[in-house]
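Right, one structure below, let's go through it.
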Amino acid sequence: GNCDPAENNADGFAAKLTCGDGNVFRGCIAYSNIDDGWDLFAKAESGPIGVVVIENSIAYKNGSLLDGSGNGDGNGFKLGGDGIGIPHVLRNSIAFNNGTSGITSNSNPNVVLENVTVYGNALRNISLYGKGNGERYFKATGVLSLNGGELDNIEEMPSLKADTNYFWTGVAAENLAGEKFSKDIFKSTDL
């Protein structure tokens, strides 16, 4: 329920801009914040921040408040900014029903995803992209992505497609071998 007067800068958790090394979030829930659930934004003027690890955490319904009002950025896990490469780790976590992306690198070319479930986000479930012509070092294992508003964005590093990753194609959650899964694998998808 965090909200600022401009309705676009209040995140659930914000380890960003000038934070140092050693920040770890475990077992945290960020929901109904007007901006993002997590914001790890780095900008060129202040340089890189320390590596952040997020484990066993949940981000849902960010971008609007509990009563449904507001229209902030609405990312579940925003993992960077300004094209600055920082290998933030998102592990054993879930993002669902967020106003834009469930997980976005926000131009950070070094994000690490391990065993994440992403479901029913308004724009993309997963959006991994860099900025400029530098190399991309994304890593992903154990991704389950289903029912996003648009297909997942991994086009800058198609090698992320693997038998252990099921990305949302816009019509199905599919791995490299062409195997698909449906929402029936979950006990419930009641948001």
Open item on the list: Pairs of alpha-carbon atoms within less than 8 angstrom and 6+ residues apart define the contacts here; what relative contact order does the stretch 112-168 have, in percent?
Closed with: 42 percent
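Relative contact order for the chain using alpha-carbon pairs under 8 Å, separation at least 6, rounded to a whole percent?
It comes to 14 percent, rounded to a whole number.
Let's test the formula: R0 of 25 Å, r as the Cβ-Cβ distance of residue 55 and residue 179. What FRET efficiency results, to the nearest 0.05?
0.40
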Open item on the list: Can you compute the label reach from residue 155? Point 7 Å from Cα along the Cβ direction, backbone N cut-off under 16 Å, restricted to the stretch 61-86.
Closed with: none
Task: Computed lengthening from residue 133 to residue 18, 0.36 nm per intervening residue step minus Cα-Cα distance - done: 38.9 nm
Task: Volume per residue of the C-alpha convex hull in the stretch 5-96, rounded to whole Å³ - done: 87 Å³
Task: Additional length obtainable on full extension of the chain from residue 45 to residue 82, 0.36 nm per residue less Cα span - done: 12.4 nm
Open item on the list: Can you give me the solvent accessible area of residue 163 with a 1.4 Å probe, rounded to the nearest 10 Å²?
Closed with: 90 Å²
TODO: Apply the Karplus parameterisation 6.51 cos²θ - 1.76 cosθ + 1.60, with θ equal to phi minus 60°, to every residue of the stretch 153-170 and state each ³J(HN,Hα) to the nearest whole Hz, in sequence, with x for glycine and proline.
DONE: 9, 10, 5, 6, 8, x, 5, 5, 5, 8, 5, 8, 10, 10, 8, 7, 8, x
Task: residue 58 long-range amide H proximity, modeled H, under 5 Å - done: 28, 29, 30, 94
TODO: Could you run the Karplus curve 6.51 cos²θ - 1.76 cosθ + 1.60 with θ = phi - 60° over the stretch 20-27 and give me ³J(HN,Hα) per residue in whole Hz, x for Gly and Pro?
DONE: x, 7, x, 7, 10, 10, 10, x
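Hey, if we sort 190, 73 by accessible area with the 1.4 Å probe, largest down, what's the order?
Ranked list, largest accessible area first: 190, 73.
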Open item on the list: Under the rule of at least 5 residues apart or a separate chain, name every residue whose amide H is placed under 5 Å from the amide H of residue 166.
Closed with: 143, 144, 145
Task: Accessible-area value, residue 45, 1.4 Å probe, nucleic acids and ligands omitted, Å² - done: 150 Å²
Task: Nearby lysines by direct alpha-carbon distance to residue 161 (threshold 17 angstrom, same-chain neighbours under 8 apart not counted) - done: 139, 180
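The values are calculated or read from the model by the stated rules, or taken from the named source; none is laboratory data. Keep in mind that this is a model prediction, so the values were computed, not measured. Cβ sites come from the backbone with ideal geometry, for glycine too, and all protein chains shown count toward neighbours. Remember, those area values only see protein heavy atoms, side chains included, never the ligands or the DNA or RNA. Shrake-Rupley method; radii C 1.70, N 1.55, O 1.52, S 1.80 Å.
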